[in-house]
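These notes concern the structure reproduced below.
The values are calculated or read from the model by the stated rules, or taken from the named source; none is laboratory data. Note that the structure is predicted; figures quoted are calculated from it, not measured. When we count neighbours, we look across all protein chains shown, and the Cβ atoms used for this are built from the backbone with ideal geometry, even at glycine. Surface areas here come from the heavy atoms of the whole protein model, side chains and all, with no ligands, DNA or RNA. Shrake-Rupley method; radii C 1.70, N 1.55, O 1.52, S 1.80 Å.
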Amino acid sequence: MDHYVLRITDPSARLVQVEATIHTTDPMLLMSPFGADHLEHGWATFVQDLKAMVDGANVPVERMPGGALKIGSEPGKVIALSYTVRMEHDLTSWPFGSDEAAYVKGDMMMSTGNALFITRLDLDSALVRFEMPGNYSVATAWQPSGPHSFLVRGAEELVWTVLILGDFQRHELEAGDMRVILAFGNDLQDAKEALIDITTRAIHTYTTYYGGPPRTNTASRTYLQVINVDTTFEGGGAAFTNSMSILLSDHPATCDTISTCCWHHIIVHELGHLWNGYSLTVDEIDQWFQEGFTDHLAFRLQRDIGLFTEAQWRSFLTEKEQEAQAIRQATAVSLAKAGEDKGANYHLIYSGGFQFAHRLNESIAARTNKHYDLLDVMRSLYGTHAGTGIPVDRVVLQASAERICTCDLQDLFREMLE
């Protein structure tokens, strides 16, 4: 088992000191290869004072492109690493949005595991311990193993996660065997009840929609949701393994219109990925299903819990249909291929996927005299695919939808995707 010790004396100093003991089968180590492609050395760009020791002696470390690190050691050796991470990710432009960049607000630090851990891809398990001043705490979805200590299962769970450290607000929600840790900065303390309310209602409604709680490929039933405000950011969120990072563009307030930028929509959308994104998985090419369908269901959930009226919902659907048509006409890329470059095809993936979800919902309802709709399809997919790691693709989706409506949907799928 590998070991990590992270020392944080003052989040505002933007430095995290890390000591690691790594049992290698290969002297190549790396920081996460995902999410920092705009930097030559990836996440490792922010690492300084890196030293490696094998059998008590210093060994050379060669930095490779993309965040890989070649340790001057024979295979199978135990490598002792020490390094410091400069938590300055939010001080520069981040390609997928500020919600995925490490940031510091006063005595609170949010980071993804990407930014902190040098590891090996064949990692089986690791113990992670945090050393911080007594008034600081840590929130994570990992399994606790002691004071400020956690057990992590595998490299994905180590790096593809969200952490919050320092002085912040924390509230825990229980929904069946599902435990959600809600963590947010002290400046949101007066919005605590609103954040708890929308999170609680969303969790219970999604559980009803899908027929059960999230089923991921990890043993954990604990989920972390980090929420903060960044007025320089348009607002958004990102879902990681059993965790979410959400940045609101402003302090939570009443949303008078239905909008993707509304604070409660962002929260509901990201929570939805615990079901459609991690319980149900897709290949990268099928982002239209993961994002567009999740967005449709998030807005539907907001309607179902009374955040806007049926009339507003119908008007919004008309607007979204027009928006999707305009986006489709402005590009030669098909929805089926849009996932090849999510950044370039972002609006097509979301609006086109939303349009597809809406039309599929309406087609099934019309052909079954409103006895069934998209929720029945999602519940069926949850029953067959949740937690299996087997991706849902267009073939699986079409087959499930056609079983629900006992009808032929080939023309609709071809029109929407091709």
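Once both labels are modelled 7 Å past Cα along the beta-carbon direction, what's the Glu40-Glu362 spacing in nm?
Going by the 7 Å Cα→Cβ label model, 5.3 nm.
Report in % the part of the accessible area of segment 1-95 that belongs to carbon and sulfur, leaving out ligands and nucleic acids; probe 1.4 Å. List each step's numbers first, then the result.
Values: 2480 of 4660 Å².
Of all accessible area on segment 1-95, carbon and sulfur atoms account for 53 percent.
Helix-only mean residue ellipticity at 222 nm, the chain, DSSP H runs n ≥ 4 weighted -39,500 (n - 2.57), per residue, nearest 500. What is it?
Numbers: 9 runs with 113 residues, N = 418.
-8500 deg cm²/dmol, from helical runs alone.
Using Cα positions and a limit of under 30 Å, work out the lysines in reach of Lys105, with same-chain residues fewer than 8 apart set aside.
Lys51, Lys192, Lys342
Starting from the Cα of Lys370, draw a straight line to each of the aspartates and glutamates and keep only those under 12 Å, dropping any in the same chain fewer than 8 residues away.
Counting by Cα, and skipping residues close in sequence, Lys370 has these aspartates and glutamates nearby: Glu362.
Determine, from the Cβ-Cβ distance of Thr318 and Glu88 and an R0 of 41 Å, the FRET efficiency 1/(1 + (r/R0)^6), rounded to the nearest 0.05.
My answer for the efficiency is 0.40.
Between Thr207 and Asp124, what is the spin-label point distance in nm, taking each point 7 Å from the Cα along the Cα→C-beta axis?
For the pair Thr207/Asp124, the computed spacing is 3.5 nm.
Residues of the chain: accessible area per residue at 1.4 Å, in Å²?
On the way: 17340 Å² over 418 residues.
Here the per-residue accessible area is 41 Å².
Take every DSSP beta bridge whose two residues both sit in the chain, then give the antiparallel share in percent to the nearest 5. Don't jump to the answer; show the numbers that get you there.
Numbers: 61 of 80 bridges.
Roughly 75 percent of the DSSP beta bridges within the chain come out antiparallel.
I'd like the accessible area for Leu121, computed on protein heavy atoms only with a 1.4 Å probe and all protein chains in place. Round to 10 Å², please.
130 Å²
I need the P(r) histogram for segment 154-293: all alpha carbon pairs, bin width 5 Å from 0 out to the longest distance, whole percents.
Calculated P(r), rounded to whole percents: 2, 9, 20, 24, 21, 15, 7, 2, 0.
Which value, in Å³ per residue, describes the convex hull spanned by the Cα atoms of segment 182-222?
On the way: hull volume 2.9 nm³, N = 41.
Cα-based convex hull of segment 182-222, divided per residue, equals 71 Å³.
How high is the relative contact order of segment 1-156, given as a whole-number percent (alpha carbon pairs under 8 Å, six or more residues apart)? The partial results should precede the final answer.
On the way: 344 pairs, mean separation 44.8, N = 156.
Taking the mean separation of contacting Cα pairs over the length of segment 1-156, I get 29 percent.
For a quick size check, give me the Cα extents of the chain along its three principal axes, largest first, whole Å.
74, 46, 41
Mind checking the angle between helix 192-210 and the chain's longest principal axis? C-alpha axes, 0 to 90 degrees, to the nearest 10.
60 degrees
Under a 1.4 angstrom probe, counting protein chains only, how are Arg215, Arg179, Arg403 ranked by accessible area, largest first? Before the final figure, lay out the partial values.
Working: Arg215 100, Arg179 60, Arg403 150 Å².
Largest accessible area first, the residues go Arg403, Arg215, Arg179.
Taking Cβ-Cβ under 4.7 Å as the only way to count a partner, pick out the unpartnered cysteines of the chain.
Cys261
Per 10 Å bin, what percent of the C-alpha pairs of segment 1-154 does each bin hold, from zero upward?
Bins of 10 Å from zero give 11, 40, 38, 11, 0 percent of pairs.
For segment 95-205, would you read off the P(r) tail past 21 Å as a percentage of all alpha carbon pairs?
Working: 2700 of 6105 pairs.
Beyond 21 Å sits 44 percent of the P(r) for segment 95-205.
If you split all Cα-Cα distances of segment 234-339 into 5 Å bins from zero, what percentages do you get per bin, shortest first?
With a bin width of 5 Å, the distribution comes to 2, 11, 19, 21, 21, 17, 8, 1.
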